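**Q** One structure is given below, represented as structure tokens, and several questions about it will come after.
The values are calculated or read from the model by the stated rules, or taken from the named source; none is laboratory data. All values derive from a computational prediction rather than experimental measurement. Heads up, the Cβs are rebuilt from the backbone with ideal geometry, glycines too, and the neighbour counts pull from every protein chain shown.
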Amino acid sequence: MSRRSPLARRLLRWYAFTVVILLVLLGAVLEFALRSLLLEELTRSLTAESRAVAAALAAVPADELQDRAIALGERLETRITVIGPDGVVLADSERDPTTMENHAERPEVVAALSGSVGTDSRTSQTLREPFRYVAIPAEEGRVVRLAVPTSLVAEQLAGIRRVVAPAALAAAVLGVVAVSLVARRIARPVTEATRAAAEIAGGDLEARVPAMTTTELDQLGRAINQVASELGRRIVAEESERRVRDLILAELALGIVLVDGDDRVAYANPAAHRMLDAVPERLGAIAPPALPSLVREARRSSGSLTREVEHGVPPRRLVATAGPLAGEDTALLVVDDVTEARRVESMRRDFVAHASHELKTPVAAIRAALETIRRVLDDDPAAARTFAGSAEAAAERLARIVSDLLDLSRLEAEEGHRERIDLSRIVAEEAQRARPLAAEAGIRLEVSVSPAAVEGDPADLALAARNLLDNAIRYTTPGGVVSLGLTVGDRQATLEVADTGAGIPSRELPRIFERFYRVDSGRGRDTGGTGLGLAIVRHVAERHGGRVEVESELGRGSVFRLIIPTP
Ligand code: ADP
């Protein structure tokens, strides 16, 4: 048998308690009513018997009265007493009347003497046991009294009890069994509903309360199931929201750190971990220390504060903004890595300074030449012509710088156009163009190109080839050789420009592709260079997905290679 649930046990206990109380009450009422009924019945039969006895004794002489009373009493199994009008006992079936006291005061006798039927229940003083008395008025002012012990009624009651009690007990037991079955039927679904609710509370949102037979319980079960599915729906919605938020925060380039009211790091996105070299659990442990102070200051001022700090090796510049979240204890720290932006800014500043400086020199030369021309024009036309020549040369230099600067800014700003071209054609054209320059400089130009199909911008590639060729010729002394080669292999085309010129010191090699950088500024300017040629070459290479390489030996010459991937 399954263990009874507390609910079933409680139902059963209350039912049993109620049944016992009801049975006891019913028993008491029944006993009282029956007792009265039996007593009334006894009184009625005693009254009738009294009348018969009075009639039987009416003509009996006084000396025979006692014997007749005894005889009648035995036959009727009743005590018969005959009392005179003065209360004196004349005969008694159980006792010797002479020994008995005057009965005028007995309540039933008092009533009978006054002409009515007298009744009483009391313990007989004579026989010392409870009796029911009925007295009636008889002939000659006498009173005939009949008495039976009330134990008769008690015996009858006991007889009835013997029949009723087992029946009541059987009914009670039957009731308890029935209630126990019903209680269990009610308790089982409640137990199941409780178990399902506990499972739901424990996180199993798939758990459901089974359908129940009782309408109210079934409604309760359905309500629990509804709560579970609603809860599940909300959790799913919240989880997908959180996933989207996490994805966004994970992709964000800004570092985000949430600090709770107890100065614990509640959340840090991947960018924050990257920038701050793993965010620790406590605000105070975050490096650099300027950041925790910034958060605390922002909390105190209840507004957002921004500060730029340096952190890590190599040092990175971080712009941090801290502020409390509206209506929350939590503070938000947003970190932006501005290292690259600052580097670009500083490069631009340097570039502007450099460019202004480079432009100022030819402008000053032009101005000085023009001033001199104005002074000597009348007196010395030959000198004026010379200075006009220098002004022209300076203006040409100015034009070259401006043109290179325009090329550079175009290469930086615009997306180059692409077409399929044969690089050898461009290189051959540039070689052709450089031939008079080389001849003029007393340099032998050797060209060996093979067809190379590449995807690119012909004008830009021509510009790069021209810059490399010009450099080779410019930095090679007369009698030297400049050789131009174009080869294809391993998915790339290589344009090689080699010279037997001055060469470049190896420590300078990493810097020669920077804008305005010259190995020997005096020498560079003498040869008419702008310091932008190799920067242009590098830009063209990178825009084509390629690169530029250099090998050089001081005093022996240099080899530049422009490498462009082939389709
Ligand atoms: P520039 O206009 O001064 O030539 P570039 O950017 O073209 O500027 O070159 C940067 C520097 O690299 C030059 O100043 C020069 O010192 C060095 N350089 C470039 N090409 C050669 C070369 N073929 N031989 C020797 N030095 C060179």
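**Q** If a residue has to be away from the ligand (no atom under 15 Å from the Cβ), among the aliphatic types (A, V, I, L, M) and under 60 Å from the mean Cα position of the chain (by Cα) to count, how many in region 470-509 make the cut?
**A** Selection size over region 470-509: 1.
**Q** In region 197-225, which residues are surrounded by fewer than 16 Cβ atoms within 10 Å (Cβ to Cβ), of a type outside the set (D, E, K, R) and in a loop (DSSP other than H, G, I, E, B)?
**A** Correct list: GLY202, GLY203, PRO210, ALA211, THR213, THR214.
**Q** Something else: Let me confirm something: among VAL117, VAL60, VAL29, VAL82, which residue is free of Cβ contacts under 8 Å to residues at least 24 places away in the same chain, surrounded by 15 or more Cβ atoms within 10 Å (Cβ to Cβ) and of a type outside the set (Asp, Glu)?
**A** Every option except VAL60 fails the conditions.
**Q** Also, quick follow-up: Based on this model, can you work out whether ALA431 counts as within 16 Å of the ligand (Cβ to nearest atom) and at pLDDT 95 or above?
**A** Here the answer is yes, as ALA431 does meet what is asked.
**Q** Would you point out the residue of region 510-527, among those that are part of a helix (DSSP H, G or I) and within 7 Å of the ligand (Cβ to nearest atom), that is modelled with the lowest pLDDT?
**A** Ranking the candidates gives GLY524 first.
**Q** Next question, about the same structure. Give the residue, chosen from ARG51, ARG44, ARG10, that is assigned to a helix (DSSP H, G or I) and under 59 Å from the mean Cα position of the chain (by Cα).
**A** ARG10
**Q** Next question. Determine whether ARG547 is surrounded by fewer than 16 Cβ atoms within 10 Å (Cβ to Cβ) and at pLDDT 95 or above.
**A** Yes, satisfied.
**Q** Looking only at region 528-543, how many residues end up being modelled with pLDDT of 95 or more and not in a helix (DSSP H, G or I)?
**A** Count: 0.
**Q** Would you call ALA268 touching a residue at least 24 places away in the same chain (Cβ under 8 Å) and surrounded by 13 or more Cβ atoms within 10 Å (Cβ to Cβ)?
**A** no
**Q** Among the residues of region 152-165, is any at pLDDT below 90 and surrounded by 19 or more Cβ atoms within 10 Å (Cβ to Cβ)?
**A** Yes, region 152-165 contains at least one residue that is at pLDDT below 90 and surrounded by 19 or more Cβ atoms within 10 Å (Cβ to Cβ).
**Q** Only one of these conditions is not met by GLY416: (1) touching a residue at least 60 places away in the same chain (Cβ under 8 Å); (2) part of a helix (DSSP H, G or I). Which number is it?
**A** Among (1) touching a residue at least 60 places away in the same chain (Cβ under 8 Å); (2) part of a helix (DSSP H, G or I), GLY416 violates only (2).
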